[in-house]
Each structure stands twice: as C-alpha cells, then as structure tokens.
2 protein chains.
Amino acid sequence: MTPADPALLSLNTATVKSQWTLAQAIEGCARHGLRGIAPWRDKLAELGLKKAVSLIRSHDLSVTGLCRGGFFTAKDWLEDNRRAIEEAHALEADCLVLVVGGLPEGSKDLLRARERVQECISKILPEARAAGVPLAIEPLHPMQAADRACVNTLEQALDLCDALGEDGRSARCALGVAVDVYHVWWDPKLEQQIKRAGKRVLAYHICDWLAPTRDLAYDRGMMGDGIIELAKIRNWVEGAGYAGFHEVEIFSERDWWQRDPDEVLRICRERHLLT
Amino acid sequence: MTPADPALLSLNTATVKSQWTLAQAIEGCARHGLRGIAPWRDKLAELGLKKAVSLIRSHDLSVTGLCRGGFFTAKDWLEDNRRAIEEAHALEADCLVLVVGGLPEGSKDLLRARERVQECISKILPEARAAGVPLAIEPLHPMQAADRACVNTLEQALDLCDALGEDGRSARCALGVAVDVYHVWWDPKLEQQIKRAGKRVLAYHICDWLAPTRDLAYDRGMMGDGIIELAKIRNWVEGAGYAGFHEVEIFSERDWWQRDPDEVLRICRERHLLT
C-alpha cells in the first residue's frame with residue numbers, strides 16, 4: 001500500500017464549523033500548509049461569494065468541493081441547485097456535492113423518493129455540464145436514509161450515474177460520486193464498487209467511525225480514533241484512478257467542534273499521514 | 001396487497017424486556033391471544049429450559065425463533081452456539097437467530113471478520129442440521145457493523161447461504177435469513193433480494209423506524225409510528241413464499257420499555273393489522 005501524500009490534505013469547513021468563519025478557515029488552511037478547502041454554502045453566504053473567491057485565490061487553494069447541492073425534497077430545490085452550480089463555477093470547485101434528501105415530509109414512499117432524485121438530477125445535469133461543474137452524488141449512511149439522503153450505497157449512486165448516461169468513459173466526468181469513508185466503510189461491496197466507479201470518483205472524504213458511536217449524525221471521529229481501515233480504502237480509491245484531495249470532514253458536536261481549531265488542523269495533518 | 005393475518009402475530013420478548021419475565025411473557029401472549037413467542041436466552045436461562053418448554057406447550061404457543069446464537073467474536077462461541085442449538089431443539093423453535101458479531105476487540109479488519117463468520121457457521125451448521133434447527137442469519141443495520149454484526153445486507157447474508165451450500169431449493173432449509181424490517185428497510189435491493197431469498201426467509205421481524213431516531217440501538221418504534229412501509233415489505237416476504245409469523249421486536253429504552261406491558265401487547269395487536 002502507498003502512503004498518503006501530505007500535499008493532498010483538504011479541509012472541509014464542517015470540521016471547524018462552530019469555531020471558524022470561512023475567512024478564518026481559508027487563512028487557517030494557508031497557515032497550516034493545507035492546499036485544499038471545501039466550503040459549506042452557509043459560510044460562503046456569510047462571507048460573500050466574491051470575497052471568498054478572491055481570498056481563496058490569493059492563498060492559492062484548490063476548492064475540492066462545494067457542500068452542498070441536492071436536497072430535492074425542498075420546495076425551492078431547482079433554484080437552490082442553480083445557485084449552487086453558479087457558486088461552484090465561480091469557485092472553480094472540483095465538484096458540487098449532492099446530498100439528495102430523504103423522504104418528503106409525510107411520505108414513506110422510498111422508491112418514489114429515489115425516482116425523484118433521478119428526475120431532479122437529470123434536470124440540473126445539463127446546466128452543471130454547461131457551467132463545467134461536475135456533480136458528485138454522495139451516498140449517505142443508511143441510518144440517514146429517512147432524513148438526509150435516500151441514496152445509501154455506492155452501487156446505488158453508480159446505478160444512478162449509469163441511468164443518467166455517465167458511464168465514466170468520457171474524458172471529463174460530469175456526474176460521479178463523492179466517496180465518504182464514514183458513509184460507506186461498512187459496505188460488503190465497497191472495493192468492487194470503487195473499482196466500478198473508476199474516474200467517476202470526484203471527491204474523497206475522510207474521518208473515522210467511533211465505536212461506540214453515540215449520535216446518528218454528529219459523532220464522527222478523527223482519523224485513527226475509530227475502526228475504519230483508511231489506508232486500505234484510500235488505496236482502493238487511488239487504484240481506481242482518483243488522484244485528487246483527501247478532504248477531512250468531521251461532524252463532532254461533543255469533541256472536535258469544542259476544540260481550538262488550530263489544534264484540530266494540526267492533528268488533522270498528523271493523522272492524515274496514517275491514512 | 002393482502003392484509004396481515006392477525007393469527008400470525010408473535011411476540012419477541014425483547015419488546016417487554018424490562019417489564020416481564022419469560023413466564024409472564026408466555027402468559028401475556030396467551031392472555032392477549034398471540035400464538036407465537038420468540039424468547040431471548042437470558043430470560044430462558046432465568047426460567048429454566050424445562051419449565052419454559054412445559055409452559056410454552058401448555059399454552060400451545062409456537063416458538064418463532066430463539067434469540068440468539070452467533071457472536072462469533074466471543075471466546076466461548078462454539079460451546080455457546082452448541083447450547084443455543086440444544087435449546088432451540090428443545091423449544092422446537094422455527095429457527096435459531098444468528099447475530100454474527102462485529103469486529104473482534106482491537107481489530108479493524110472487516111473482511112477477515114466476515115470470513116470468520118462463514119468459517120464459524122460452517123462449523124455449527126452440521127450440528128444444527130442434525131438437531132433439526134434451522135439457522136437464520138440476521139443482517140443487522142450497517143450502523144451496528146462494528147459492534148454487533150458484520151453481516152449488514154440481505155444480499156451479503158444470502159451470499160453466505162450460497163457459499164455454505166444452501167441455495168433454498170431443498171425441501172427443508174437448514175440455513176437462511178431473518179428479515180428484520182428495522183435493519184433492511186433502507187436497502188435499495190430489498191425487494192430483489194427478498195425474491196432471491198425465497199424459502200430461505202426463516203423469520204420476519206417487525207417494528208418501525210422513527211424519524212428522527214435518537215439512538216443507534218434502543219430507539220425503535222411501534223409499527224405505524226415511523227416511516228417503514230410495513231405492508232409492502234410483508235407482501236414481498238409472503239410473495240417469496242414465507243408463511244410464518246410476524247414477530248414484533250421493539251428495543252425502546254425511552255418509550256415501550258417504560259410502559260405497562262399489557263398496554264404494549266394491546267397496541268401491538270392493533271398496529272399489526274395495519275402492517
């Protein structure tokens with residue numbers, strides 16, 4: 001197995017969500033020698049798109065993804081996804097991450113929710129393609145199927161890509177997947193589906209699964225503190241052709257969101273070497 | 001869709017775990033007109049096997065499953081599973097449910113843990129077959145992969161059955177699966193894999209998935225209080241050839257384990273009609 005390239009570490013701003021504004025996170029990345037950043041749109045709105053673009057460029061950071069588009073259960077989903085595509089374009093983001101949404105309010109019809117995801121992506125895909133913004137469907141852990149995303153395995157996400165005409169053989173992939181170890185580590189078909197994904201892996205997110213995990217959304221661990229075989233999964237992803245960043249995304253209400261963000265970034269750098 | 005047959009309701013004793021002994025649960029089932037019961041082995045040990053067999057027979061209840069064998073990560077797994085097979089035999093249980101165990105202490109090697117499950121089942125299968133006790137592998141929700149079971153989808157469980165020589169075509173199935181809606185409702189391949197399972201469905205467990213769910217193990221809902229399409233899944237299972245009981249299994253620290261158990265059984269009966 002090859003070791004992780006330290007130059008490929010990226011910070012998903014959710015990791016320091018409660019501590020830093022986007023401007024602080026950009027400057028923090030630069031200070032700690034990180035070359036990539038993935039902003040969330042609420043933080044982006046606070047700073048303003050123009051200022052964000054300018055600050056990110058002045059520090060020469062890559063935007064490894066914009067979080068997030070999707071949520072096709074929302075009333076204003078189409079407008080919101082259009083705005084997200086524009087923002088991702090302005091940021092020259094490697095992709096717009098799609099968290100597709102769970103069951104619509106009051107509905108139990110999971111099959112219909114999934115059909116709708118395909119319909120909605122087919123609607124925004126031409127606009128994303130025209131803007132040069134690849135869309136990355138992020139399968140979320142099955143424990144979040146009802147409330148956050150009804151796409152729950154890599155296989156399902158790739159079936160969606162296939163159905164929407166993206167088989168991964170074109171030179172530039174307009175629709176692919178975001179592989180977040182937290183969501184997919186348990187999957188018996190993970191290695192097989194990463195191989196199948198090939199160039200359609202558009203983003204790679206890391207953190208760890210704590211045992212025990214105390215919350216269905218906000219108890220993620222720092223790399224090395226849990227039970228995910230991070231080096232193995234990264235080697236699968238890179239073996240499939242992915243050469244992009246490794247984006248740290250840790251939602252952690254009780255631990256990492258309470259710490260000094262400079263300490264968080266320092267530990268991210270150390271632990272990344274072990275992944 | 002056909003409606004649920006009220007005669008097929010069974011009580012998994014975990015549903016009234018904090019309120020009733022096994023003797024009380026047996027009498028409670030008889031009092032409320034339930035014809036099936038699935039005991040847990042700790043309660044069985046408290047009452048004593050002989051007394052349990054006698055009490056269950058005197059009330060003419062079917063034992064729809066014994067919970068549980070498996071946990072192949074335990075040091076005494078072989079002896080413990082042998083004892084479980086003997087108990088299931090004495091109870092004339094429809095199956096012994098296997099919760100296979102997660103990662104061994106200190107290990108992150110999920111692939112190896114899964115290989116070991118297959119090795120261990122292959123070791124106990126001849127003894128179970130000789131005792132006339134069908135083994136039901138229960139895939140557990142992926143959120144429990146690290147700590148309770150590294151078999152996490154119906155597809156994976158059926159692959160295991162195939163690998164161990166049980167393709168479901170024999171007259172009496174010695175190795176199959178327990179389908180618990182809580183664990184599998186989210187699975188994009190659920191309908192397909194239930195069809196594939198056919199006669200290998202040895203047990204069918206019901207409850208509901210609450211949205212939001214506040215705990216990774218002990219926050220299950222009563223049928224109708226969550227978002228699972230229970231009637232649809234039951235029709236898939238019965239369409240595949242399953243004609244057995246519908247076993248209510250609700251782990252609920254904050255709600256159902258705090259209620260009057262007679263109220264719990266009364267509500268189970270009412271809600272079962274809607275599933």
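Laboratory data are not the source of any read-out in this text; all were calculated from the coordinates shown. The model shown is predicted, which means the values in this text are computed figures rather than measured ones. Because the Cβ atoms are built from the backbone with ideal geometry, glycine has one as well, and the counts that use them run over all protein chains shown.
A Förster distance of 35 Å, applied to the separation of the beta-carbon atoms of B:GLU127 and B:ALA217, puts the FRET efficiency at 0.70. For the options A:GLY101, A:GLY132, A:GLY165, a Gaussian network treatment of chain A with springs between C-alpha atoms closer than 10 Å singles out A:GLY165 as fluctuating the most. Ordering A:ALA52, B:TRP256, B:GLY198 by the projection of their Cα atoms onto the charge dipole of the protein assembly as shown, which places +1 on the Cβ of Lys and Arg and -1 on the Cβ of Asp and Glu, puts B:GLY198 at the extreme positive end.
Using a 7 Å projection from Cα along Cα-to-Cβ, the label point at B:ASP76 is separated from the same position in the remaining copies by 6.2 nm, smallest value first. Between the residues A:ALA131, A:ILE37, A:VAL177, the greatest Cα displacement towards the positive end of the dipole of chain A, with unit charges on the Cβ of Lys, Arg, Asp and Glu, is found for A:ALA131. For B:LEU164 and A:ARG169, the FRET efficiency from 1/(1 + (r/R0)^6), where r spans their Cβ atoms and R0 equals 56 Å, is about 0.90.
Proximity of backbone amide H atoms, modeled 1.01 Å from N, is registered between B:ASP180 and B:HIS205 at under 5 Å, excluding neighbours fewer than 5 places apart on the same chain. Cβ-Cβ distance of A:THR2 and A:GLN192, R₀ of 25 Å, FRET efficiency by 1/(1 + (r/R0)^6): the value works out to about 0.75.
Rounded if a/c is under 1.5, else prolate if a/b beats b/c, else oblate: with a ≥ b ≥ c from the C-alpha gyration tensor eigenvalues square-rooted, which is segment B:149-238? Prolate, because a/c is 1.5 or more and a/b exceeds b/c. Spin-label model, B:ARG112/A:ARG57: points 7 Å from Cα along the beta carbon direction are separated by 5.2 nm. Radius of gyration (Cα atoms) of the protein assembly as shown, expressed as a multiple of 2.2 N^0.38 Å: 1.03. Inter-chain neighbour count for A:153-160: the average number of beta-carbon atoms from partner chains within 10 Å of each residue's beta-carbon is 2. Pairs exceeding 23 Å between alpha-carbon atoms, taken from B:LYS51/B:LYS123; B:LYS43/B:LYS195; A:LYS75/A:LYS108: B:LYS51/B:LYS123; B:LYS43/B:LYS195.
Annotation for B:SER170, label-to-label distances across the other copies: 5.1 nm (shortest first, one decimal, point 7 Å from Cα along Cα→Cβ). Computed on segment B:6-272, the Cα convex hull volume stands at 121 Å³ per residue. The distance from the alpha carbon centre of segment B:222-275 to that of segment B:1-59 is 15 Å, rounded to a whole number. Express in whole angstrom the spacing between the alpha-carbon centres of segment B:70-116 and segment A:79-151. About 40 Å separates the Cα centre of segment B:70-116 from the one of segment A:79-151.
Using Cβ point charges alone (K and R +1, D and E -1), the dipole size of the protein assembly as shown about the Cα centre works out to roughly 500 debye.
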